[in-house]
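To start, the structure itself, in structure tokens.
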Amino acid sequence: MAVLVSQLRAWTPRSLAGVAAEVAGINDEFDEQMSQMARRTDDAFAAWQGDAAAAAMARSLADRIAENHIVTAVAVISESFAKAAGELGAIREPALAVVDSAVAAGFTVHDVGAVIAPISSTGEIVVDMLLQSSFDEQARTIEARLLPLLAAAAEADRTCARTLQNALGDLADITTSAPAAASYGPEVRAILDGEAFLPDNPVALAEFWDGLSPAEKDGLAAWDPTIGNRDGLPAIDKSRYNQELLETLRDNAHADLDAIEARHPDWMNGENLPPTDGILTDEDSANQRELDRWLDERADAEKSAFGYDEVRTQLDKDGPQRLLMNIDAEGRGAIALGNPDIAGHVATYVPGTSSGLPSLGGDMERAEFLLTAANRLNDGDNAVVTWVGYNAPPELPDAASAVYAEAGAPRLDSFQDGLRAAHEGAPSLNTVIGHSYGSTVIGHAMSDGNSLAVDNVVFAGSPGVGHGVNGVGELSLDNVDPTSNNERIFATAASSDPVTWIGDGVDGIRVAASVFGLPTGELGHGADPTNPSFGATVFDSHPGPSVNIVGVDIGFSPSTHSNYFVEESQSLLGMAQIVAGTR
Amino acid sequence: MSSYRRAVAGLFMVAVLVLGCSYTAGKSVNESLTSDESMNRTLEHLEESLAALPAGGRLDRVHPELPVGDLGYGGFAPCYDSNTVVEGPEYFGVGFWVVDGGDGPAGLKSVVERWTEWGWTGDDRAPDGDRYAQRTSPDEYTLTAQLSTSGYLSLSGSSPCFPFENGTDLDAQGPGVIEQP
């Protein structure tokens, strides 16, 4: 059905445009007010900790999600009005122009669009016949132009009305429907109410998570923004929630840095620094101590902020899919190249001393070269996780201590359990690869009553895999007969890598110490896993350069410790073969 | 273990415990090489290798017949594994599938013959039997050809190391595709 001319004339598209702008303005104001409220709420939560605060924060987050939905829906309504104004105006103006010009020329235009020619009455019969014929023809032409315009106006009217109705309906659904929390099952409600806990065990968590609706998952994520770090969740969900957490951690780290720098804007510019020579007053000394503290704090804050920025940089790189498996406020994290939940072969690379988020770039390159090497062997179906999920020894002297490995081992164990629990389909072939101190972490995770849920283990450039661990029989893999450990545990060492001599070198120190009656305690990290007596399957590494001093080959080079993951190296190929299952 | 190695290990252990130390590059470092040169030269060697294969072939990090076999873009990486080294030497490395021409043992044979014509040398010890070949140029660029378990051919290349200070954009990645010249 077409629109009547009188209806068309009554349309005022400009007023619709005005309504659109007005709605948009109100919406913006609503959004700004809610943002202000959110900021003030955040400030309040920063000074309020505890279960009640956590519950209130969860509610606040849920409200913010709802607010975002409302703002979005109202924005759609505003856009619908604006679009209607444009479309109706585009039809109305040319249609009324046809009507008005016809009427001005003496034609009669009926409300339904019919055009009647004026009557020619010159008194001359022949002239009147000719003119009337012409008028009638013009009337038909005008009508032929007008009727489609009226029909198009009707269609635009219906389309715009439908769009507006849908937009209004969506808003009504959001504002009148029950909140998402009402759809939560009793188990989720109990957790949010503090009457129950999420399963700790990765297998149990994976089963529980699998039964949740998307709204329930989001609700739990609002309740615990660190939920993506829980082992057993699917990699896709872990990455989604962890990336939200990453932004919070980045913001906090940069805010901390800004606050530290703001404490001494003069020192930031190199001004008013306390004197370091001449006669120093007590105040000078106190200022110097404060400067030293401030520089340390600033260095730590810079490192922290850079680390989170580096995670973002790595996630944004092109190439294989990148999933943020872990991220936390302690500067620990893990990124997967490829989806470990669906890959048939999954490797976890554990780097050694000084590893962490700030140096993630180099470790990710090593992981990508390993992934590429494995894919070139078995046509793909691999994923490689760079796991800096433990606090590594900050410096080489710290690497003599086992405390970092002891603390990291249970975290690695849980992470591997999570990979198994979240995996879809047939179990994947899982491998852990430890470089340097990373191998010590792995060793601790599979000795002294511990066991790792992996199929293969690789120790590269290892200083030893745990004090007192002298053979593969003292290591344990889940569901693997220990008598076949030698087929599952691999080791490689460049012949001139002095770090790998440490395991045996400790014996030398012990002998020397005993001569002088010195205590050795739990010195070192156990035997060299490439020693034949250890029983691991040893694969090749390039022997590496040997430093020549004044014409004498000293037989080793400190640099060789660092060649295992170099593209196209024998050791990288060996590791890729183990990961890809082609060895 | 020889008494010499045992003594060195003991001394190294003491050094780690008492002094700490840092590692430098393992691959040879070409002091005059820049990051741009290392990437461009590596890619040129791969492009020239591709010329040894039948017309129509290309190097691609994505193989149309291998839906889960995407390779990385490659890029610059440290010439060392230790994270105790900061701003040490870097090198460029990248790998590609051979697509639309040159697959299989014949393709591998062709590129290795080309590398031999160039005077490049290789360690004849093949870690993966006749499915793998590696050759190195006098200026220490390395190229590798490898057949997958299903017979798909891939090539990779890597450069010598260059000093960190010779790097410009170390976040740069490889091109993804190399067409025949």
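Computed from backbone phi, the HN-Hα couplings of segment B:57-73 come to x, 8, 9, 9, 6, 10, 9, x, 9, 10, x, 10, x, 4, 9, x, 6 Hz, rounded to whole numbers (Karplus: 6.51 cos²θ - 1.76 cosθ + 1.60, θ = phi - 60°; Gly and Pro given as x). With R₀ set to 41 Å, the beta-carbon distance separating A:Asp448 from A:Ala182 gives a calculated FRET efficiency near 0.25.
Can you give the net charge of the other residues whose Cβ lies under 13 Å from the Cβ of A:Val454, counting K and R as +1 and D and E as -1? Summing Lys/Arg as +1 and Asp/Glu as -1 gives -2. Amide H to amide H distances under 5 Å link A:Ala329 with no residue, where only residues 5 or more positions off or on other chains count and H is placed in the peptide plane. Residues within the reach of a label modelled at B:Val62 (point 7 angstrom out along Cα to beta-carbon, backbone nitrogen below 12 Å), restricted to segment A:295-330, are A:319-321.
So, counting K/R as plus one and D/E as minus one, what does the shell of residues with Cβ under 12 Å around A:Glu487 add up to? Summing Lys and Arg as +1 and Asp and Glu as -1 gives 0. Along segment A:300-316 the Karplus relation, 6.51 cos²θ - 1.76 cosθ + 1.60 evaluated at θ = phi - 60°, assigns HN-Hα couplings of 5, 5, 4, 5, 5, 5, 4, x, 5, 4, 5, 4, 4, 4, 5, 5, 8 Hz to successive residues, with x for each Gly and Pro. Distance between the modelled labels on A:Glu261 and A:Thr12, one decimal in nanometres: 5.5 nm (7 Å Cα→Cβ projection).
With 0.36 nm allotted per residue and the present C-alpha distance subtracted, the A:Glu297-A:Asp200 stretch has 31.4 nm of extension available. Taking label points 7 Å from Cα along the Cα-to-Cβ direction, A:Ile26 and A:Ile116 give a separation of 4.6 nm. Here the peptides A:155-168, B:135-148, A:275-288 are ranked by packing, the mean other Cβ count within 10 Å, and the order with the highest first is B:135-148, A:155-168, A:275-288. For A:Lys238, the lysines whose Cα falls under 21 Å of its own Cα, not counting residues fewer than eight places away in the same chain, are A:Lys217, A:Lys317. What FRET efficiency comes out for the pair A:Asn479/A:Asn272, r = Cβ-Cβ distance, R0 = 51 Å, nearest 0.05? In this case the efficiency is close to 0.20. Straight-line cross-link partners of B:Lys109 among the aspartates and glutamates, defined as a Cα under 18 Å from its Cα and at least 8 positions apart when in the same chain: B:Glu47, B:Glu48, B:Asp100, B:Glu117, B:Asp123, B:Asp124, B:Asp128, B:Asp130.
Computed from the C-beta positions of A:Arg158 and A:Gln33 and an R0 of 25 Å, the FRET efficiency is 0.10 to the nearest 0.05.
Electrostatic tally near B:Arg114: other residues with Cβ closer than 15 Å to its Cβ, Lys and Arg +1, Asp and Glu -1, net -3.
None of the figures in this text is laboratory data; all of them are computed from the coordinates on show. As the structure is a prediction and not an experimental result, all values here were calculated from the model. Using ideal geometry, Cβ is built from the backbone for each residue, glycine included, and neighbour counts are taken over all protein chains shown.
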